[in-house]
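Notes follow the structure.
The values are calculated or read from the model by the stated rules, or taken from the named source; none is laboratory data. In this text the structure is predicted, and so the values were computed from the model without any measurement. Because the Cβ atoms are built from the backbone with ideal geometry, glycine has one as well, and the counts that use them run over all protein chains shown.
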Amino acid sequence: MTGNSDNILEINSIEVMYDSVISALHDVSLNVPKGKIVALLGGNGAGKSTTLKSISTMLAAERGKVTKGSIVYDGTEVKNQNPYEMVTLGMVQVLEGRRCFGHLTVEENIIAGAYSRKLSKSQIKDELEKIYGYFNRLRDRRKSQAGFTSGGEQQMIAVARAMMAKPKMLLLDEPSMGLAPQLVAEIFNIVKELNEKEGVSILLAEQNTNVALRNADYGYIIETGHVMLHGSADELLNDEKVKELYLGISKEGRKNFRDVLREEETKKLA
Amino acid sequence: MTEVLFFIEVVVAGLLAGTMYSLVALGFVLIYKASSTFNFAQGAMVFFAVLAFVGFMELGLSFPVSFVVTVLLMVLVGFCTERLVLNPLMNQSEDTLLMATIGLGFVLEGLAQAAWGVEVRRLDLGIGDFPIEWIIDVFGLFVSALDVTAGIVAAVLIIGLALLFKYTRMGLGLRAVADDPGAASSIGIPLKNIMLLVWSAAGVVALVAGMMWGARAGVQFALVDLALKALPVLIIGGFSSIPGAIIGGLIIGATEKVLEVYLGPFFGGAIEGWAPYVLAIFFLLYRPEGLFGEKIIRRV
Ligand SMILES: Nc1ncnc2c1ncn2[C@@H]1O[C@H](COP(=O)(O)OP(=O)(O)O)[C@@H](O)[C@H]1O
Ligand SMILES: [Mg+2]
């Protein structure tokens, strides 16, 4: 599993603690192949955001720490780096809840994404043009204060801003959160386009299993800090348990994988 | 008529003196925006900076050289503060940071006195605290040259900082950090550099304010309390608003002068010291977010 240079990211059985006592991840392993979109699926509190923050090293700002296992990004072990260093290595996280700079204009938000690249004014202009090519809607809103734009536009700002850092890999945390289906579709189309044309690898945390798997190449399902199941997007979409638990065709009383697996165990034993 | 002229004189003097409060309050706002903490060390920074400046002058350095050396010293203070105090406490609560700035204040006061002694120094900027002739001739107003200089210097610094924040890369970084430090960090804006910028700017502001005040009243420990008048300024203007700091300073400056002149005699004088706090309490009661307390923009 390790040492495969076709993977831009390899996570090997990490355990994560907050405040040295609250254990959030117990055993998470996953790989992201270069140029692919991988979905990290699970309900609220499953550990999706914690996994992403472990990779971007944003974890430290919340007094969290990877206590076991290893993360290897693009051949380098992620250990004591800070978010700034990770961004300069091409790893950028789009945080849950979009987190735009509300008092800055849309365009200032996007330009802020290029901060670490120290570009000239004309280079920034070129890069902006390229970004607006993907996010047409933002071009019209460029002078608006970001705090007054819609949720969908804010999600686009957040992704556009991250793209300005010229990432090799994007970590997207629940981009569909709170958005109407039509906007979700629009945003996923852009994400896919960025993946195909810019070659950026993507690890995508989502609760919206259906949309995520329809756009991803591979998926991992986590619950309470454990990876429960993984497979190609098609496999997962057709998996009976996934259908039942995550795609809304639920039998009563069985809420998560652990229950399903336990039930199957007892059946086998009987 | 002379009554009116006199009133105008008092207000103008108050407004000009108020620009210095604006400037010091601006130092607070910068740090508040970047790290959400009220920098209790700002008063000590004023004292430390101007005492160092006078100290360098006494060592025989010329005025401009002393100024530049002191600016560099204040950048160094900002650097050490970031490295030794803020960075280790980065992920601690805002209360912890507040305590840290109080501690930093004591350290700076102690250092300044250990290095330069405790006696009151004179600081001669070559600008007298006398009325300017041509203003008397043209407007019939008696306005102190020192007040006018202070007003101009503060205005230039404030405009300079505003341009810096609006049009430079670091300024954009600062505004991003002020809005959301976590998001800024996630896209590779190094908080460290922004903190250094903010603390250096606050240091320069402290030096300039200390020089203006020191030239009038002598370089002494009382400057620390004078600088803390930024607190009522911020209560009036709103802690996170740059225009608020500027207007709040002007309001405090003008009000305290007017009160001092017209009401002072009934209170046995020297109400300048506490009048701003009374004004601030009124604001706390009737408009706690301050005049310009920025509306928090909610995400849709
Ligand atoms: N800053 C934090 N401090 C303490 N515990 C946290 C923190 N952030 C998340 N957790 C805990 O870690 C677990 C995983 O949370 P999270 O990674 O946010 O899940 P998800 O993103 O899948 O909803 C939850 O039990 C949550 O309560
Ligand atoms: Mg989450």
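If I ask for residues that are closer than 15 Å to B:L108 by Cα and either within 14 Å of chain A (Cβ to nearest Cβ) or under 12 Å from the mean Cα position of the chain (by Cα) (or both), which ones from region B:205-224 would you list?
Selection gives B:A206, B:L207, B:G210, B:L223, B:V224.
So B:G188 fits all but one of (1) under 17 Å from the mean Cα position of the chain (by Cα); (2) farther than 17 Å from B:F48 by Cα; what number is the exception?
Among (1) under 17 Å from the mean Cα position of the chain (by Cα); (2) farther than 17 Å from B:F48 by Cα, B:G188 violates only (1).
Filter region A:36-65 for residues that are of a type in the set (D, E, K, R) and at pLDDT 95 or above; which is nearest to ligand 1 (Cβ to nearest atom)?
Of the residues in region A:36-65, the ones of a type in the set (D, E, K, R) are A:36, A:48, A:53, A:62-63, A:65.
Okay, now just the ones that are also at pLDDT 95 or above, so A:36, A:48, A:53.
Working: A:K36: 21, A:K48: 3, A:K53: 7 Å.
By that ranking, first place goes to A:K48.
Can you tell me which residue within region A:56-100, out of those that are acidic (D, E) and in contact with a strand residue (DSSP E or B) (Cβ under 8 Å, 6 or more places away or on another chain), is nearest to the other protein chains (Cβ to nearest Cβ)? Show your work before the answer.
To start, the set of residues in region A:56-100 that are acidic (D, E) comprises A:62, A:74, A:77, A:85, A:96.
From what is left, the residues that are in contact with a strand residue (DSSP E or B) (Cβ under 8 Å, 6 or more places away or on another chain) are A:62, A:74, A:77, A:96.
Values: A:E62: 7, A:D74: 16, A:E77: 20, A:E96: 11 Å.
Among those residues, the one meeting the criterion is A:E62.
Being in contact (Cβ under 8 Å) with a residue 60 or more places away in the chain and assigned to a loop (DSSP other than H, G, I, E, B), is that true of even one residue in region B:127-139?
First, pick out the residues of region B:127-139 that are in contact (Cβ under 8 Å) with a residue 60 or more places away in the chain: B:127, B:129.
From what is left, the residues that are assigned to a loop (DSSP other than H, G, I, E, B) are B:127, B:129.
The answer is yes, given that some residue of region B:127-139 is in contact (Cβ under 8 Å) with a residue 60 or more places away in the chain and assigned to a loop (DSSP other than H, G, I, E, B).
Could you list, in sequence order, all residues of region B:186-213 that are farther than 20 Å from B:L157 by Cβ and either modelled with pLDDT of 90 or more or basic (K, R) (or both)?
B:S186, B:I187, B:G188, B:I189, B:P190, B:K192
Among residues belonging to region A:163-190 that are within 16 Å of ligand 1 (Cβ to nearest atom) and of a type in the set (A, V, I, L, M), point out the one that is surrounded by the fewest Cβ atoms within 10 Å (Cβ to Cβ). Talk me through it step by step, then tell me what you get.
Applying the first criterion (within 16 Å of ligand 1 (Cβ to nearest atom)) to region A:163-190 yields A:171-178.
So of that shortlist, the ones also of a type in the set (A, V, I, L, M) come out as A:171-172, A:177.
On the way: A:L171: 28, A:L172: 28, A:M177: 16.
It comes out as A:M177.
What pairs come out if I take residues in region A:158-172 that are away from chain B (no Cβ under 11 Å) and pair them with residues that are acidic (D, E) whose C-beta lies under 8 Å away, six or more apart or interchain?
From region A:158-172, the pairs are A:K168/A:D74; A:M169/A:D74.
Here is a yes/no grid of residues against (1) in contact with a Leu (Cβ under 9 Å, 6 or more places away or on another chain); (2) farther than 23 Å from A:N215 by Cα; (3) buried (at least 23 other Cβ atoms within 10 Å of the Cβ):
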residue: A:E10; (1), (2), (3): yes, no, no
residue: A:S20; (1), (2), (3): no, yes, no
residue: A:N31; (1), (2), (3): yes, no, no
residue: A:I37; (1), (2), (3): yes, no, yes
residue: A:L41; (1), (2), (3): yes, no, yes
residue: A:T57; (1), (2), (3): no, yes, yes
residue: A:V72; (1), (2), (3): yes, yes, no
residue: A:N80; (1), (2), (3): no, yes, no
residue: A:Y84; (1), (2), (3): yes, yes, no
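Would you please name the residue that is farthest from B:I187 (Cα to Cα), looking only at residues in region A:101-115 that are at the interface with chain B (Cβ under 7 Å from one of its Cβ atoms) and hydrophobic (A, V, I, L, M, F, W, C)? Walk me through it before giving the result.
To start, the set of residues in region A:101-115 that are at the interface with chain B (Cβ under 7 Å from one of its Cβ atoms) comprises A:101-104, A:108, A:111-113, A:115.
Filter once more, keeping what is hydrophobic (A, V, I, L, M, F, W, C): A:101, A:104, A:111-112.
Working: A:F101: 12, A:L104: 15, A:I111: 11, A:A112: 8 Å.
Across region A:101-115, the extreme among qualifying residues is A:L104.
Looking at region B:227-241 only, could you name the residues that are aliphatic (A, V, I, L, M) and crowded, with 24+ Cβ neighbours inside 10 Å? Lay out the reasoning, then the answer.
The first filter runs over region B:227-241 and keeps only residues aliphatic (A, V, I, L, M), leaving B:227-228, B:230-231, B:233-236.
Hits for region B:227-241 are B:A227, B:A230, B:V233, B:L234, B:I235, B:I236.
Where in region A:1-116 are the strands (runs of 3 or more DSSP E), entirely inside, with at least 3 residues that are within 16 Å of ligand 2 (Cβ to nearest atom) and more than 30 Å from A:Q145 (Cβ to Cβ)? Spell out the reasoning first.
Values: elements: A:7-18, A:22-33, A:37-41, A:64-73, A:91-94.
Because the criterion is at least 3 residues that are within 16 Å of ligand 2 (Cβ to nearest atom) and more than 30 Å from A:Q145 (Cβ to Cβ), the strands (runs of 3 or more DSSP E) in region A:1-116 that meet it are A:22-33, A:37-41.
Looking at the structure I just gave you, is A:A212 in contact (Cβ under 8 Å) with a residue 12 or more places away in the chain, within 16 Å of ligand 1 (Cβ to nearest atom) and either small (G, A, S) or part of a loop (DSSP other than H, G, I, E, B) (or both)?
Working: in contact (Cβ under 8 Å) with a residue 12 or more places away in the chain: yes; within 16 Å of ligand 1 (Cβ to nearest atom): yes; either small (G, A, S) or part of a loop (DSSP other than H, G, I, E, B) (or both): yes.
Considered against the rule, which asks whether it is in contact (Cβ under 8 Å) with a residue 12 or more places away in the chain, within 16 Å of ligand 1 (Cβ to nearest atom) and either small (G, A, S) or part of a loop (DSSP other than H, G, I, E, B) (or both), A:A212 comes out as yes.
Which one is surrounded by the fewest Cβ atoms within 10 Å (Cβ to Cβ), of the residues in region A:201-214 that are within 13 Å of the chain's Cα centre (by Cα) and within 18 Å of A:Q155 (Cα to Cα)?
For region A:201-214, the residue satisfying everything is A:Q207.
If you check B:L141, B:L196, B:L174, which single one turns out to be within 14 Å of another protein chain (Cβ to nearest Cβ) and in contact with an Asp or Glu (Cβ under 8 Å, 6 or more places away or on another chain)?
Working: B:L141 fails: within 14 Å of another protein chain (Cβ to nearest Cβ); B:L174 fails: in contact with an Asp or Glu (Cβ under 8 Å, 6 or more places away or on another chain).
Exactly one of B:L141, B:L196, B:L174 is within 14 Å of another protein chain (Cβ to nearest Cβ) and in contact with an Asp or Glu (Cβ under 8 Å, 6 or more places away or on another chain), namely B:L196.
Which residue out of B:A270, B:A275, B:A254 is without any contact (Cβ under 8 Å) to a residue 60 or more places away in the chain, farther than 17 Å from B:A209 by Cβ and within 20 Å of the chain's Cα centre (by Cα)?
Working: B:A270 fails: within 20 Å of the chain's Cα centre (by Cα); B:A254 fails: without any contact (Cβ under 8 Å) to a residue 60 or more places away in the chain.
The unique qualifying residue is B:A275.
Got a sec? Which of A:K118, A:K130 is on the phi < 0 side of the Ramachandran plot and either modelled with pLDDT of 95 or more or surrounded by fewer than 21 Cβ atoms within 10 Å (Cβ to Cβ) (or both)? Walk me through it before giving the result.
Working: A:K118 fails: on the phi < 0 side of the Ramachandran plot.
Checking each option against the conditions leaves just A:K130.
For region A:215-248, enumerate the residues that are within 14 Å of the chain's Cα centre (by Cα) and aliphatic (A, V, I, L, M).
Once the filter is applied, which keeps residues that are within 14 Å of the chain's Cα centre (by Cα) and aliphatic (A, V, I, L, M), region A:215-248 yields A:A216, A:I221, A:I222.
Considering B:L111, B:L73, which residue is in a helix (DSSP H, G or I) and under 20 Å from B:A201 (Cβ atoms)?
B:L73
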